[in-house]
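Report on the following structure.
The values are calculated or read from the model by the stated rules, or taken from the named source; none is laboratory data. Owing to the predicted nature of the structure, the values given are computational and were not obtained by experimental measurement. Positions of Cβ are generated from backbone atoms using ideal geometry, with glycine treated the same way; all protein chains shown enter the neighbour counts.
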Number of protein chains: 4
Amino acid sequence: MANFKGHALPGTFFFLFGFWWSVKYPLQHSWKKRQHGTRQSLPLFFNRIDLIEGSLKIFFAFVGIMAEQFVPDGPHAHLFNGAWVKLMNWQHSTMYLFFGISGIADALSMSSLPVPAGLDRLGLSLALFVEGFLFYFHLHNRTALDQHIHSLLLVAVFGGAASTILEAFLRDNCLLEVFRSSLAILQGTWFYQIGFVLYPLNGDMWEEEDHGNIMFITMCFCWHYAVALLIVGVNYSTVWWITNRFGVKQRMDLEIGLRKTTHLDSSSQKALLQESDEE
Amino acid sequence: MANFKGHALPGTFFFLFGFWWSVKYPLQHSWKKRQHGTRQSLPLFFNRIDLIEGSLKIFFAFVGIMAEQFVPDGPHAHLFNGAWVKLMNWQHSTMYLFFGISGIADALSMSSLPVPAGLDRLGLSLALFVEGFLFYFHLHNRTALDQHIHSLLLVAVFGGAASTILEAFLRDNCLLEVFRSSLAILQGTWFYQIGFVLYPLNGDMWEEEDHGNIMFITMCFCWHYAVALLIVGVNYSTVWWITNRFGVKQRMDLEIGLRKTTHLDSSSQKALLQESDEE
Amino acid sequence: MANFKGHALPGTFFFLFGFWWSVKYPLQHSWKKRQHGTRQSLPLFFNRIDLIEGSLKIFFAFVGIMAEQFVPDGPHAHLFNGAWVKLMNWQHSTMYLFFGISGIADALSMSSLPVPAGLDRLGLSLALFVEGFLFYFHLHNRTALDQHIHSLLLVAVFGGAASTILEAFLRDNCLLEVFRSSLAILQGTWFYQIGFVLYPLNGDMWEEEDHGNIMFITMCFCWHYAVALLIVGVNYSTVWWITNRFGVKQRMDLEIGLRKTTHLDSSSQKALLQESDEE
Amino acid sequence: MANFKGHALPGTFFFLFGFWWSVKYPLQHSWKKRQHGTRQSLPLFFNRIDLIEGSLKIFFAFVGIMAEQFVPDGPHAHLFNGAWVKLMNWQHSTMYLFFGISGIADALSMSSLPVPAGLDRLGLSLALFVEGFLFYFHLHNRTALDQHIHSLLLVAVFGGAASTILEAFLRDNCLLEVFRSSLAILQGTWFYQIGFVLYPLNGDMWEEEDHGNIMFITMCFCWHYAVALLIVGVNYSTVWWITNRFGVKQRMDLEIGLRKTTHLDSSSQKALLQESDEE
């Protein structure tokens, strides 16, 4: 799908996921901070949310694969008839497949099954790595501008893969989670930028071999990241401000619901025990 | 041995080792989880298995070296007579040699000798590094497809080397062990794929310089890895399901054999003490 | 600003920051060592200093952006009029922007707001990465000497980015802080060296394609680093010598001010609690 | 000094240092294991040895610099007279300079001064990095074989630099210390190999552009490393065997000298306290 829509679609998904993460993680950390000591006892509510996130990933990946295969000019699940059929669509399907696998890993990590700790992050890191890996060999024989603008995407993709694999070992590190959110937003907006540059809406094509264009695009990538940082920063502070404001009410609720939480705590300690065993 | 068999042989070994690891490590972790607290006290049974694994590696490495040297068109231990004799076979022998060294490191780590902690993983990482290192300089002056298909192998090889050296420091990390298993399976199946592509059984040679072929092969590599992940996942869940099912019986045995385990524990604690000293 | 002054200006800033860090960090560590046990309880004085440092960074970044935009031959905030306007100045502005963001991260980390631990180091690392990233694509189509002398700068820049991101996880590691100081001094003096070589004061241009010049410049870079290490070493030992000499007097003051410190300690322990929660 | 001797000299030094390390570190670890609990209390004897090692490094570096400068065809401390004077000798002097700095860092780390923990390893890592860095830019415009044989050296050099910087953070890790020893031995024997290949004693020059030679040299590098591993392994086991044999006598001495050790322990605990403060 080498057109504007083909870039806007993944861009929208990455942006939405990045935006959502930049809300979810501050929320989790703010919750933990409020309950000193029992750091692992996130309420079931968060567990549910992560489960939904994983299911959405699986669903979107499935839809993406189907769309790439059965669009009118797609390969319709044919791979070879004398020559390779629509390899571009097959490559995109493969990328979606690994994001689907990452979704499965998320869902498994949230279940009560004894999966190894950090499996969800390994899955996401692999999905990003495969995306970058396939893009890297995509780029052969293109114009200088096309190649450069996709190379910059790879910086965001491989940066995300590296930071996510770190999270598999340094879990619950707020800094890394915020960093990943910002890279996902960057990837999202950059997909849009690629669409605008290569398939301009007003039909005014960019000079593909002009060195000035390449220099501008490099700088523009940095501006995108500055905006991504701003979005993440605003979300982070809004979440903390809101949770602080409504924290007083909550604490009173906690005292009333003390018996219930005590009960929850003991079960969560068991979970903790099991997890530290697992690690 | 530049033919189909020459690729099927190492492929089979890597696949079998990867498959075996994807069974062994879940088994070990499931066992540990069952015995909360005394994490290091794996029964002697596992020690034996690791010893056998090491010995098999040494044996296979020896057989490999002998085969490479004394096949009819091999160098028969001659290195130089005016020109270099059969350098390809010598390079393969060198790879086997380092896997043999890795086997020795495994055996030493399992013995009661005071070897540094993590020696077995360093040995395996070195063997994989040397394999990749020699392959890398192998590739000069080949066709584009041949070079590309071997480069993809290097991704699995160096990925394995990097993940294994991490294990030397983050020991008993289930995630890394499962990851290593999947990369070994990937390497195994990819050796077969190389064989099928470069020496097709039906004699229908692939177009070596076609860009479509290269794009397909890149994607195919990702599919191999998806299959490797599936195999590892199935093995992992089967092992946990079986150990859970037969866990009830086991726990009763444990209570009966309590006196014995107490005795074992104290000795294992000594081992633990020594090991933490060692680190 | 491709002239001598354009290189002397950032050189001066980097040198001053590096020099200042090589004084500040030994001072902090010497203070901590004097107060065994309560490692986190740095006096408010250090907090203030870090706040001032962050504010200075923001101020300098603002001045830098304004200067790059509104110098007589600058772009005056115009980006595009048929062709790109003064992309060089825009790129430098972008670099300053990220150092400004790093300054904001510093200020936030010093405030009592619940920012993730290590945010200041991530900000600095990103600023250095963006600097190196933009410089890297700057270098196209230049002479061999110009390209080489800027590549050497990248060694200092990316080395600094890598060491700073490590600090986000290994916080309060004196070795890394001293290492960062030395790399900042190196960057500062090397900017001057670039200025001297490319825009010689006596007007005697260097032979740009001479291999001897390139070999000398490589070696010269190492000498600069040796001098940077010397400066850091002298500052480090001076600080320790002074704090040791005046330590006796200080300890007496401490005993007199015991009641006050007890009070301070309890509040700093709260801070510690919050921080360890944060991590 | 582009002749056989010029390669044999550094080769000898690296080999001797690697050999010595492969004896020293097992000795230290064997000593620590014998004294459970008080891990930091190495006897003054080891401190002395490290001090001597540092002093030797400084001395050798000084001799090396003098030799490179004042050999008959050296630059005699002249750097520029119209053209650059003997840049090769100056580059070698620079390498020696950084090994001298590493020696100073060693000596400082062994003194009672409050230097940051891990300074000695950072110094050694920097010295190796500078060696590799200068060699890397050395290699321009040489024959394929010459370039390749020196590139292989860089694998050992940069591998050593990477493993040594890890030691700055994972201190007293026996595995890393043994690994460093083996890489130093490899570097030592490889310098000899370079000498034998480029300046053959029997005057029979190697075909410089023959691909077979390059393939053999790559493999030969792996053999050198296998030998280095053998040497390290033999030294390691010899040291443990000897210390075990004479350990019984030692333990009796310990019991007699109990009062003294108790006294030592308390002082060493203070040192430990200070060091953990430092970290």
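When region D:53-96 is filtered for residues that are aliphatic (A, V, I, L, M) and crowded, with 19+ Cβ neighbours inside 10 Å, the ones remaining, listed by number, are D:Ala61, D:Ile65, D:Leu87, D:Met95.
Take D:Asp146 and decide whether it is acidic (Asp, Glu) and farther than 20 Å from B:Val115 by Cα. Yes.
Please verify whether D:Ile214 is crowded, with 16+ Cβ neighbours inside 10 Å, more than 24 Å from the chain's Cα centre (by Cα) and not polar (S, T, N, Q), treating the condition exactly as stated. It is true that D:Ile214 is crowded, with 16+ Cβ neighbours inside 10 Å, more than 24 Å from the chain's Cα centre (by Cα) and not polar (S, T, N, Q).
Considering only residues of region D:107-130 that are more than 10 Å from chain C (Cβ to nearest Cβ) and crowded, with 24+ Cβ neighbours inside 10 Å, which is modelled with the lowest pLDDT? Top of the filtered list is D:Asp120.
Going through (1) assigned to a helix (DSSP H, G or I); (2) within 14 Å of another protein chain (Cβ to nearest Cβ) one by one, D:Ile52 falls short only on (2). Scanning region B:170-184 for residues that are facing chain A (nearest Cβ under 10 Å) and not acidic (Asp, Glu) turns up B:Leu170, B:Asn173, B:Cys174, B:Leu175, B:Leu176, B:Val178, B:Phe179, B:Ser182.
Summed over region C:134-160, residues that are within 14 Å of chain A (Cβ to nearest Cβ) and either in a helix (DSSP H, G or I) or within 13 Å of C:Phe221 (Cα to Cα) (or both) total 6.
Scanning region B:199-234 for residues that are part of a helix (DSSP H, G or I) and aromatic (Phe, Trp, Tyr) returns B:Phe216, B:Phe221, B:Trp223, B:Tyr225. Scanning region C:1-11 for residues that are in a helix (DSSP H, G or I) and touching a Phe, Trp or Tyr at 6+ places or on another chain (Cβ under 8 Å) turns up C:Phe4, C:His7, C:Ala8, C:Pro10, C:Gly11.
Suppose the filter is farther than 18 Å from B:Trp21 by Cα, at the interface with chain A (Cβ under 10 Å from one of its Cβ atoms) and not charged (D, E, K, R); does B:Trp206 pass it? So B:Trp206 does not fit the description; no.
Scan region C:163-173 for residues that are in a helix (DSSP H, G or I) and without any contact (Cβ under 8 Å) to a residue 12 or more places away in the chain and jot them down. Matches in region C:163-173: C:Leu166 only. Restricting region C:66-106 to residues that are touching a His at 6+ places or on another chain (Cβ under 9 Å) and within 12 Å of chain A (Cβ to nearest Cβ) leaves a set whose member that is nearest to A:Ala226 (Cα to Cα) is C:Gln91. Scanning region C:193-202 turns up at least one residue that is more than 24 Å from C:Tyr25 (Cβ to Cβ), more than 9 Å from every other protein chain (Cβ to nearest Cβ), out of contact with any Asp or Glu (no Cβ under 9 Å at 6 or more places or on another chain) and without any contact (Cβ under 8 Å) to a residue 12 or more places away in the chain.
Criterion applied to B:Met219, B:Met205 was being more than 16 Å from the chain's Cα centre (by Cα) and surrounded by 18 or more Cβ atoms within 10 Å (Cβ to Cβ), and the one residue passing it is B:Met219. Look through region A:148-188, keep the residues that are β-branched (Val, Ile, Thr), closer than 30 Å to C:His140 by Cβ and within 18 Å of the chain's Cα centre (by Cα), and return whichever of them is surrounded by the most Cβ atoms within 10 Å (Cβ to Cβ). The selected residue is A:Ile185.
Tell me, please, whether a residue that is buried (at least 22 other Cβ atoms within 10 Å of the Cβ), touching a helix residue (DSSP H, G or I) at 6+ places or on another chain (Cβ under 6 Å) and of a type outside the set (Phe, Trp, Tyr) can be found in region A:132-147. No; the residues of region A:132-147 include none that is buried (at least 22 other Cβ atoms within 10 Å of the Cβ), touching a helix residue (DSSP H, G or I) at 6+ places or on another chain (Cβ under 6 Å) and of a type outside the set (Phe, Trp, Tyr).
Looking at region C:212-247 only, could you name the residues that are within 23 Å of D:Asn81 (Cβ to Cβ) and either more than 11 Å from chain D (Cβ to nearest Cβ) or touching a residue at least 12 places away in the same chain (Cβ under 8 Å) (or both)? Matches in region C:212-247: C:Asn213, C:Ile214, C:Ile217, C:Thr218, C:Cys220, C:Phe221, C:His224. Does B:Gly188 satisfy the criteria of being under 25 Å from A:Leu124 (Cα atoms) and modelled with pLDDT of 90 or more? In short, yes.
In the set D:Ala162, D:Ala168, D:Ala226, only one residue is out of contact with any Lys or Arg (no Cβ under 8 Å at 6 or more places or on another chain) and under 22 Å from D:Ser102 (Cβ atoms); that residue is D:Ala162.
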